[in-house]
1. Using only C-alpha atoms and all pairs of different ones, pull out the Kirkwood radius for chain B in Å with one decimal.
2. Quick check on the protein assembly as shown: of the DSSP beta bridges with both residues there, what percent are antiparallel, nearest 5%?
3. Please compute the alpha carbon radius of gyration of the range A:52-231, then divide it by the globular-protein estimate 2.2 N^0.38 Å. Two decimals is fine.
4. Where is the GNM fluctuation largest for chain A (alpha-carbon springs, 10 angstrom cutoff): A:113, A:32, A:63?
5. With a cut-off of 8 Å between alpha carbons and a minimum separation of six or more residues, what is the relative contact order of chain B in percent?
6. So what are the ³J(HN,Hα) numbers for the range A:129-141, from phi and the Karplus equation (6.51, -1.76, 1.60; θ = phi - 60°), rounded to whole Hz, Gly and Pro as x?
7. Could you pull out every residue, at least 5 positions away or on a different chain, whose amide H is within less than 5 Å of the one on residue A:103? Hs are placed 1.01 Å off N in the peptide plane, and Pro or chain starts have none.
8. Which angle from 0 to 90°, rounded to the nearest 10, does the C-alpha axis of helix A:201-213 make with the longest principal axis of chain A?
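Read-outs: derived from the displayed coordinates by stated rules, not from any lab. In this text the structure is predicted, and so the values were computed from the model without any measurement. Cβ placement follows ideal geometry from the backbone for every residue including glycine, while neighbour counts extend to all protein chains displayed.
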Amino acid sequence: MPATFKATHDQSPSQASRVFDLDVQSLRELNQALHKLTAGSNETAWEVLNPKGNHSVAVGVDQPVSIDVRGSVGYYCGGMNSGSAITVHGSAGPGVGENMMAGSITVKGDASQYAGATGKGGLLVIEGNASSRCGISMKGIDIVVHGNIGHMSAFMAQSGNLVVLGDAGDALGDSIYEARLFVRGKVDSLGADCIAKEMRPEHIDLLQGLLDRAGVTGVKPSEFKRYGSARTLYNFNIDNADAY
Amino acid sequence: MCGIVGLFLKDKALEPKLGAMLSEMLICLTDRGPDSAGIAIYGAPSGNEAKITIQSPKPERDFRGLDAELAKAIGAPVSIAAKSTHAVIRTTPDKVDAARAALQSLRPDVRVMGAGEAVEIYKEVGLPEAVVDRFDVRKMTGTHGIGHTRMATESAVTTMGAHPFSTGADQCLVHNGSLSNHNNVRRELVREGMTFETENDTEVAAAYLSSQMAHGKNLGEALEGTLSDLDGFFTFVVGTKNGFGVVRDPIACKPAVMAETDQYVAFGSEYRALTKLPGIDNARVWEPEPATVYFWEH
């Protein structure tokens, strides 16, 4: 199936985007074409039509191209992303941006469970709500959620930043290491070893930078509370033996 | 894994398409479970007729002449419509228990899939498309229905181990997950007098709900009880004569997506199961909250 080309409305006609219609082309064709991209390729704008909840849309892209996905996706969209800028014009299923290394993913709708799980870098923006386990085991990724996040988010989070403009569910940051959590709304409960922390000037600056990168306006860093690790679970304590 | 679907129609104009819509939804989730598949369809109850869906490993032998023998045994009119390994027996509502008892002696190899005024249940080993084709589910009319495609973890891959499980009149359940206290709960339900066909955990969940409703609880209250009395992972979708309910355990690791429009309420393990429904692009789509009961009734 030959690829089709069309000009998108937000670009000059000289920059045609490459369009994949998943109603007529296979997911494997799409991902193989994306994986074949090399540095300096002129095919910098991609558009995916009719994703219809398919799994693994645009996983493992390692070139700085833009990918607009027109609709809702299933599991693992943009997983292992390493430099591309993906926009999902719909909602995302479980594991969006799982293990992202670099680049960005923006979800215009909601995200299902474990958004940004184990992510090492890049920016994941969820413009709606994210459900349970958002940022589980995050290792350096930055995640900005405009709405709320579900229970057990940032479980065992190691580094990176999770910013939530709405509320957080139960057991936020359970067994957290060094990730920073900023929540503007209420937190149903904190998980083991996660505590509220002081917002110092460097955190205000950091948070302002994250809000700017995520395109959030009209929200001040001072409206957020910071949460992080009490660092009491780092080493085995014999007094805790009964708890295991 | 397992894949589950449910569809509750609000718009009567869609009722002739219920079987086709539910079949497509289930086929979409084939890769979530290749072992067996099943669908329960609720037709509008007529009020003066009950249906018993039966299954036989040797349908030609077992279904031939069964209507006359059964009518004689229970002293009431009986009709039987066979579809492959399954058949639907129709008789008067007050003769259902007598017919089930008579079946045990007349046709010892026949199993009852479910009974009630509205429900018909079809389930077999195989992929969803094969099961749907085998029982001509696409042509079925109805008000609501649920379906399941199974990746077995807790008991053998057999017809009786397939979902939906029905343990009470017009009640049935599909399940994604696994229960860890099902043996204990089964023992308690056996003490109450309930009987079980399999070693399956989901059958216990279905029987638990039947027992709760037999004690006067409504569907919502019975589903609420699963949160404290059943231990394990579950997303349940349940059908009753006039209703449809959903509940997820508090951990909620088994996926679930719902969609609602003026025409229907739909459930799928994944969004892709819902993508062929009419008006889905403008539907309200959401993920059911953990430990929260949702139910709709006609």
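1. 18.9 Å
2. 65 percent
3. 0.92
4. Highest fluctuation of the listed residues: A:32.
5. 25 percent
6. 9, 10, 8, 4, 6, 5, x, 4, 6, 5, 10, x, 5
7. A:83, A:122, A:123
8. Approximately 20 degrees, to the nearest 10.
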